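Participant: What follows is a structure written as structure tokens; I'll ask about it next.
The values are calculated or read from the model by the stated rules, or taken from the named source; none is laboratory data. Please read these numbers as outputs of a predicted model, since none were measured by experiment. Note that we place each Cβ from the backbone using ideal geometry, even for glycine, and neighbour counts take in every protein chain shown. The accessibility values were calculated without ligands, DNA or RNA, using every heavy atom of the protein model including side chains. Shrake-Rupley method; radii C 1.70, N 1.55, O 1.52, S 1.80 Å.
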Amino acid sequence: MAAHTLEAWALNTPGPDPAEGPSIEVTQNVPGSDEPGPAPTPVPASQPIPDSFYIWDIWGHRQYFGLGCEASATVDWADYFGVTVSEFSFQMRLPLSDNPDKGFVGSVDGPWGQVPPYAYGVHAAPVARVLREHYGMNAAGEKGLTIEDLKREIASGQPVIAWVIGNCVGGIPHEYIDEEGDSVTVAAYEHVVILTGYNEETIRYMNNGRFYDIPYENFANTWSVLGNMAVFLDD
């Protein structure tokens, strides 16, 4: 464990600003209008995925806890589906672990940019489990998804919580062995965003209540660091 701790600490070296990257901030308005658009008409699974689709009637807020991006995004995501979630209550209901695939790692008030066993955050599976067990939402937390999977979910009128690095910047995956001997891939500046739309060139996401468009290539790069992981409504 001491060796793992030293290895994790060595990864916490200064690098590119995690708040900067190829994303372009945009307004959540229909092009040519000063107002957000109406709720979109979902595309049935039996139909082809359209070239462009945007969810206009979703809004967010800035996270309260220093490492509470998962709880904050969950509040906004659940609210879109008509489910009220308290940011504080959700954070307290997350299990604790030194493995983010099993529970929240470290203090939610810890500094951003560390990796386990230091304060880090939590991955998709525990978030989905709390949503199912405490809020009655049929949420799924999975890895190994594809861009087409994301587009299909968005086109069905359902936003997706995706695990990325910083404000969708590059990152370096790191294998961590937890106290029980299990392996998990982690990365400094782990973060989550809510995907809300796409067109032929870019995908749109919400980060702390602000909206950004990012080219597919750049998004795929940041999303792949933690294994193409996301939480979605499994219907």
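Participant: Looking only at the stretch 120-137, filter to residues that are among the small types (G, A, S) and open to solvent by 10 Å² or more (accessible area, probe 1.4 Å); which one of those is farthest from E70 (Cα to Cα)?
Facilitator: G136
Participant: Can you find a residue that is among the acidic types (D, E), part of a helix (DSSP H, G or I) and more than 15 Å from the chain's Cα centre (by Cα) anywhere in the stretch 108-130?
Facilitator: Scanning the stretch 108-130, I find no residue that is among the acidic types (D, E), part of a helix (DSSP H, G or I) and more than 15 Å from the chain's Cα centre (by Cα), so the answer is no.
Participant: Within the stretch 103-116, track down each residue that is in contact with a helix residue (DSSP H, G or I) (Cβ under 9 Å, 6 or more places away or on another chain) and surrounded by 19 or more Cβ atoms within 10 Å (Cβ to Cβ).
Facilitator: Answer for the stretch 103-116, where residues must be in contact with a helix residue (DSSP H, G or I) (Cβ under 9 Å, 6 or more places away or on another chain) and surrounded by 19 or more Cβ atoms within 10 Å (Cβ to Cβ): F104, V108, Q114, V115, P116.
Participant: Sticking with this one: What number of residues within the stretch 184-196 satisfy the criterion of being within 18 Å of F104 (Cα to Cα) and either in a loop (DSSP other than H, G, I, E, B) or touching a Phe, Trp or Tyr at 6+ places or on another chain (Cβ under 6 Å) (or both)?
Facilitator: Total meeting the criteria: 7.
Participant: Restricting the first residue to the stretch 136-165 and requiring it to be in contact (Cβ under 8 Å) with a residue 24 or more places away in the chain and closer than 24 Å to P48 by Cα, which pairs with a second residue that is open to solvent by 40 Å² or more (accessible area, probe 1.4 Å) and polar (S, T, N, Q) meet a Cβ separation below 8 Å and a spacing of at least six or different chains?
Facilitator: Close Cβ pairs (under 8 Å, with a partner that is open to solvent by 40 Å² or more (accessible area, probe 1.4 Å) and polar (S, T, N, Q)) amount to G157/T41.
Participant: Have a look at G170, G181 and point out the one that is open to solvent by 30 Å² or more (accessible area, probe 1.4 Å), assigned to a loop (DSSP other than H, G, I, E, B) and modelled with pLDDT under 95.
Facilitator: Every option except G170 fails the conditions.
Participant: Is there any pair linking a residue in the stretch 78-94 that is farther than 18 Å from G66 by Cβ and small (G, A, S) to one that is outside any helix (DSSP H, G or I) and open to solvent by 60 Å² or more (accessible area, probe 1.4 Å), with Cβ under 9 Å and at least six apart or on different chains, and which?
Facilitator: These pairs meet every condition: A78/T84.
Participant: Suppose we filter the stretch 83-102 for residues that are farther than 19 Å from G60 by Cβ and open to solvent by 10 Å² or more (accessible area, probe 1.4 Å); how many remain?
Facilitator: Residues flagged as farther than 19 Å from G60 by Cβ and open to solvent by 10 Å² or more (accessible area, probe 1.4 Å) within the stretch 83-102 amount to 8.
Participant: Still on this structure, please answer the following. Look at the stretch 197-231 and say how many of its residues are of a type outside the set (F, W, Y), buried (at least 23 other Cβ atoms within 10 Å of the Cβ) and farther than 23 Å from F104 by Cβ.
Facilitator: Residues flagged as of a type outside the set (F, W, Y), buried (at least 23 other Cβ atoms within 10 Å of the Cβ) and farther than 23 Å from F104 by Cβ within the stretch 197-231 amount to 4.
Participant: Quick test for you: out of E175, E148, pick the one residue that is farther than 24 Å from A45 by Cα, more than 12 Å from the chain's Cα centre (by Cα) and at pLDDT 95 or above.
Facilitator: Selected residue: E175, the only one of E175, E148 that is farther than 24 Å from A45 by Cα, more than 12 Å from the chain's Cα centre (by Cα) and at pLDDT 95 or above.
Participant: Go through the stretch 144-167 residue by residue and tally those that are in contact with a Leu (Cβ under 6 Å, 6 or more places away or on another chain) and either assigned to a strand (DSSP E or B) or among the acidic types (D, E) (or both).
Facilitator: Number satisfying all stated conditions: 3.
Participant: What are the residues in the stretch 50-66 that are outside any loop (DSSP other than H, G, I, E, B) and of a type in the set (A, V, I, L, M, F, W, C), if any?
Facilitator: Residue satisfying the conditions is F53 alone.
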